[in-house]
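Enquirer: First the structure, then my questions, so here it is.
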Amino acid sequence: MEHKLNYNDLWAYAPAPEDSGHVNIRDRYGLFLNGRFQDADSGKTFETHNPATEVRLSEVAFAGETDVDAAVKAARNAFDKSWNPMPPADRGKYLFRIARMIQERSREFAVAETLDGGKPIKESRDIDIPLAAAHFFYYAGWADKLEHAFPTRAVTPMGVAGQIIPWNFPLLMAAWKIAPALACGNTVVLKPAEATPLTALKLAEVIQDAGLPDGVVNILTGDGSTGAALVNHPGIDKVAFTGSTAVGKLIQNSIAGSHKKATLELGGKAANIILDDAPLNQAVEGIINGIFFNQGHVCCAGSRLLVQEGVADEVIAKLKDRLETLRVGDPMDKNTDIGAINSREQLNTIEGYLKLGQEEGAQIHQPECSLPEKGYWCRPTLFLNATQSHRIVQEEIFGPVLAIQTFRSVDEAIEMANNTPYGLSAGIWTDKGSRIFNLTRRLRAGVVWANTYNQFDPTSPFGGYKESGFGREGGLHGLEPYVNFD
Ligand code: NAI
Ligand code: MG
């Protein structure tokens, strides 16, 4: 009988849970409107849960049309009376203050992010929260230097920005949206995702403590109807949206013909390409990080692996091996690699694709890890023998699922990589710089990583081609969508 080594027994760690005792999550949160927390006009609320335990964390106000209207008016008033007239260097000081306060409260933010969204604490602690602070620091620096950002052109702020964000990087997406908008002199109404409102509301506390003038930032919790009311409000000048391609298209339709400008950051189906000269151990680690990081709830996740035929068997064997040592479970445990799926709905979507992939003829492979009884969980999954026409190769799954295909020539790999409706990101693994440059030129993707994956920095622009959306966030490019060129 074949003896199967159980790595999880061999390498068992003692539990190492992060303490949550220091984190104050209020039982109820209002809308953050014109500098104060207040109930929704209708009095309606909804609950947010911990997807790892299904336990209720808090109850938050549900913003309707009248609240959206009040928030847009507050933002307009703040734009006219305080934020736009303010010397740019002073706007910068407020942004620096927000950045420092996020750093000071970073443990609290990390724990709240993990409890509300299910991502491993090591990711919220080491990636989400530090990067959110870094974005505020970075754009704080630009606030009084816009004439250097656009040296030959006069720019003015647009006015009021309506910003709608998803549940996969709640605080980080709020920072990506708010920091450049404020640095350019705009005011903001932000709508967090319904499943993960808590860190945006904690950011509202920071904004209050930092003493920003009332109405400069308004945070309205609610669902898609709240988002739609914001997009359709005649008083906003700009829409910034990150989320599904379906909603991105709706937004584009509803603002067509209006004065409103938009940036849309939508889905992805990134290919990670391993060439036969690649350092394979490093590549395998990068592939694992690319798709299993944050449970695959990442628009730029490396959800497709294209591996050159000569090294395919070795790479697949190494991937299967590595899957056995990934730790799935309690997101609050510092050793956890894969946390909880963000919601019951998202788990249903992913499970639908697991079934579909098998029906389409791909071969499923999952490790035998045990899963907690409560909460929403998905084992890291490989689909072998996937083909270009499979829906698991074409569609965004947004879960820990990797579709694997092989190729012979580099030309073939490029054609396969580009052959989806999306074009957000891609990865290349090879020993040769010349091959990297050949591929990066020909891949239709907004971001291409070489011999690494999922690296983010506030100085570097991010955004897509095709159905992945348009406009760039981050870096100098990220200022452009928040100014008018006179
Ligand atoms: P979604 O696009 O419905 O939600 C994103 C945000 O848009 C949320 O704040 C939501 O309340 C808001 N929204 C929903 N309908 C709206 C409307 N008509 N007008 C204005 N705002 C609206 O995404 P959902 O349902 O949470 O996830 C579905 C799929 O979308 C996922 O399975 C994934 O494939 C993709 N997705 C992509 C993301 C990305 O980072 N590009 C992030 C989240 C989801
Ligand atoms: Mg939640």
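The values are calculated or read from the model by the stated rules, or taken from the named source; none is laboratory data. What you are looking at is a predicted structure, and each value in this text was computed from that prediction instead of being measured. As a convention, Cβ positions derive from the backbone with ideal geometry for all residues, glycine included, and neighbour counts pool all protein chains shown.
Enquirer: Does residue 161 satisfy the condition of being assigned by TED's automatic domain parsing to the domain that holds residue 63 and closer than 23 Å to residue 125 by Cα?
Expert: It is false that residue 161 is assigned by TED's automatic domain parsing to the domain that holds residue 63 and closer than 23 Å to residue 125 by Cα.
Enquirer: Quick check, is residue 339 touching a residue at least 24 places away in the same chain (Cβ under 8 Å) and within 16 Å of ligand 2 (Cβ to nearest atom)?
Expert: Taking the combined requirement at face value, the residue satisfies it.
Enquirer: Further question: When you look at residue 289, is it more than 14 Å from ligand 1 (Cβ to nearest atom), in contact (Cβ under 8 Å) with a residue 40 or more places away in the chain, surrounded by 24 or more Cβ atoms within 10 Å (Cβ to Cβ) and not aliphatic (A, V, I, L, M), yes or no?
Expert: For residue 289, the condition - more than 14 Å from ligand 1 (Cβ to nearest atom), in contact (Cβ under 8 Å) with a residue 40 or more places away in the chain, surrounded by 24 or more Cβ atoms within 10 Å (Cβ to Cβ) and not aliphatic (A, V, I, L, M) - is not met.
Enquirer: Just name the residue that is farthest from residue 77 (Cα to Cα) out of those in the range 40-60 that are touching an Asp or Glu at 6+ places or on another chain (Cβ under 9 Å) and more than 15 Å from ligand 2 (Cβ to nearest atom).
Expert: Out of the qualifying residues, it is 42.
Enquirer: Moving on. From the list 36, 97, pick out the single residue that is surrounded by fewer than 16 Cβ atoms within 10 Å (Cβ to Cβ), in contact (Cβ under 8 Å) with a residue 12 or more places away in the chain and either out of contact with any Asp or Glu (no Cβ under 9 Å at 6 or more places or on another chain) or within 20 Å of residue 216 (Cβ to Cβ) (or both). Talk me through it step by step, then tell me what you get.
Expert: On the way: 97 fails: surrounded by fewer than 16 Cβ atoms within 10 Å (Cβ to Cβ).
The unique qualifying residue is 36.
Enquirer: For the range 175-219, which residues satisfy the criterion of being charged (D, E, K, R) and touching a Gly at 6+ places or on another chain (Cβ under 6 Å)?
Expert: If the condition is that a residue be charged (D, E, K, R) and touching a Gly at 6+ places or on another chain (Cβ under 6 Å), then 191, 214 are the ones that fit.
Enquirer: Looking only at residues in the range 175-196 that are farther than 18 Å from residue 260 by Cβ and surrounded by fewer than 24 Cβ atoms within 10 Å (Cβ to Cβ), which one is nearest to ligand 1 (Cβ to nearest atom)?
Expert: So the residue we want is 194.
Enquirer: If you don't mind, another one. If you check residue 116 against the conditions, is it acidic (Asp, Glu) and away from ligand 1 (no atom under 15 Å from the Cβ)?
Expert: Taking the combined requirement at face value, the residue does not satisfy it.
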